[in-house]
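The values are calculated or read from the model by the stated rules, or taken from the named source; none is laboratory data. What you see is a predicted model, and the numbers here were worked out from it, not measured in a lab. Quick reminder, even Gly has a Cβ in these numbers, built from the backbone with ideal geometry, and neighbours come from all protein chains shown. Heads up: the accessible areas ignore ligands, DNA and RNA and are worked out on the full protein's heavy atoms, side chains in. Shrake-Rupley method; radii C 1.70, N 1.55, O 1.52, S 1.80 Å.
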Amino acid sequence: MAVSTRVCRSLGGIFTVALLFLVQVVVYVGTKPQRSAVTAGWLARYDSQQVVVESKNDPNVRKAGSLDLDGHEDEGTREVAYITYAHLKDTKRFENHIFPSMDTWFRGDEPYFVVLGNQWMEAYHHGLCKNDSAYFKPYCERMVPIFVNCSEGYYGESPCCKNEKGMLHMLEEHGDRYGWFMYMDDDMYIRREYLTRYLEPLYPSDTMVLASGRNGGRLTKLGSPSFEFGNAKYNCSSDIEYMYPWGQPIIYSHGALVRAAVGFRLGGLVKQCLEYGVTHDVGNGIYHWMFQFPELRIPFPGNTHGSDHTHFGSHSVGREKNWNYNQTDAFFREARGNPGNTTFFHEWHNVTGFQQTALYKDWGDPFTWTEWHTMNVSDCAGNDTSKYGDPFVVLPKPWTTRRQMLRR
């Protein structure tokens, strides 16, 4: 009898905890801020697109000539621009990462955009890509250098500046050609066919980003990890409205890049990176959160040994203790199979946490700013609701439907 009583009490306790959690989630969902007109339009279109994309004949795939959320005709460009960044202190970044990428996942004749500091212009044109360099010539014919006025460094301001100025250049010089813009480190492997299939039902003229998250698709607190730059206190909220995936890689729709470019022209990404003491992949998560970009998750593991066939590629390829590009290519080729049978779920994460900050109340949407108003760490503290827990941090495996809470 004593054992039965203890069991009943334990079951009762579990039931009570579960009930309290459910009540908290219901209250949380029911008290969200009002959404902007842009977000409301986005939600009206994509809330009805929580569907499985099973073939290229899927009726939800948008067709050229359809209208975007603003009622403008969508010209239907489907091309993805691939942009990385590097330096030319020596040629190792190119020989160890960029060239092998062009031999494996990026084989073909499409241009590969490479963002470099202005100080490497001479080394690029008269060193790496000089006319008598037979080995480098086939690669140089496909690479398109983007020279920007940025300092050189591994973390912090330098990569944030290259992200900012490189993407601004892409919009201004190549915006008419591409519908999607992927910015990434040079040690990435991208499953391009897989990504192309995933993008099919999406409208590049709509505002959205495709973010990788951390180590296979994790959400993180804003500003984490910090790499210990600066002296900021990283006390950002763990409320789901204050969490956002970092972008390594990050893919902008054309519509998102048009909006992001407003802040890029004001130096907003660099200023946020410096304020939080972070590098570009963490900094662009803060920046995109401020712009309230709806995001889809395309998970990448932090290293090749964490790869599985549901990932969109891998990071740290060719680095110590990781697979090289040929090994990574062989692994993902196993998963290729029949592209027509590939199943995807498009699961949205849309946040309005920035609307709760003092900065938003004072200055409104960053898209309307004419000078950049840097968000400090206190603005991201929010009302910490970590007591709710965070059951949404890690994407399930295999890719399955996320919870309704993230589809708001």
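General observations
- Of LYS271/LYS321; LYS137/LYS165; LYS92/LYS162; LYS89/LYS165; LYS92/LYS221, pairs whose Cα-Cα distance is over 29 Å: LYS271/LYS321; LYS92/LYS221
- Relative packing of peptides 365-374, 156-165 - highest average C-beta neighbours within 10 Å first: 156-165, 365-374
- Close amide-amide hydrogen proximity is noted between SER238 and THR385, SER386, each under 5 Å apart and 5 or more residues distant or on a separate chain (H modeled in the peptide plane; Pro and chain starts excluded).
- Estimated distance in nm for a label pair at GLU193 and THR374, the labels positioned 7 Å out from Cα along Cα-to-Cβ: 4.7
- Of the solvent-accessible surface of region 108-258, computed with a 1.4 Å probe over protein heavy atoms with every protein chain present, carbon and sulfur atoms account for 47 percent.
- Taking 0.36 nm per residue of sequence separation and removing the Cα-Cα distance, the GLU79/SER224 pair yields an extension gain of 49.0 nm.
- Gyration tensor verdict on region 101-204 (Cα atoms; rounded if a/c is under 1.5, prolate if a/b is larger than b/c, oblate otherwise): oblate
- Using the Cβ-Cβ distance between HIS125 and TRP363 with R0 set to 56 Å, the FRET efficiency works out to roughly 0.85.
- Sparse-neighbourhood loop sites, trypsin sites (Lys or Arg not before Pro) in region 168-224 - DSSP loop, at most 14 other Cβ within 10 angstrom: ARG177
- Taking all Cα-Cα distances within region 150-204, those exceeding 17 Å account for 53%.
- GLU320 paired with THR91, simple spin-label distance in nm, labels 7 Å along Cα-to-beta-carbon: 2.5
- The mean sequence separation of alpha-carbon pairs under 8 Å and at least six residues apart, normalised by the residue count of region 85-187, gives a relative contact order of 33 percent.
- Residues with amide H under 5 Å from that of THR220, placed H, sequence gap 5 or more: TYR244, TRP246
- Label-point gap, in nm, between GLU334 and SER151 - each point 7 angstrom along Cα→Cβ: 4.5
- Those trypsin sites (Lys or Arg not before Pro) in region 260-298 that DSSP places in a loop and that have at most 15 other beta carbons within 10 Å: ARG265
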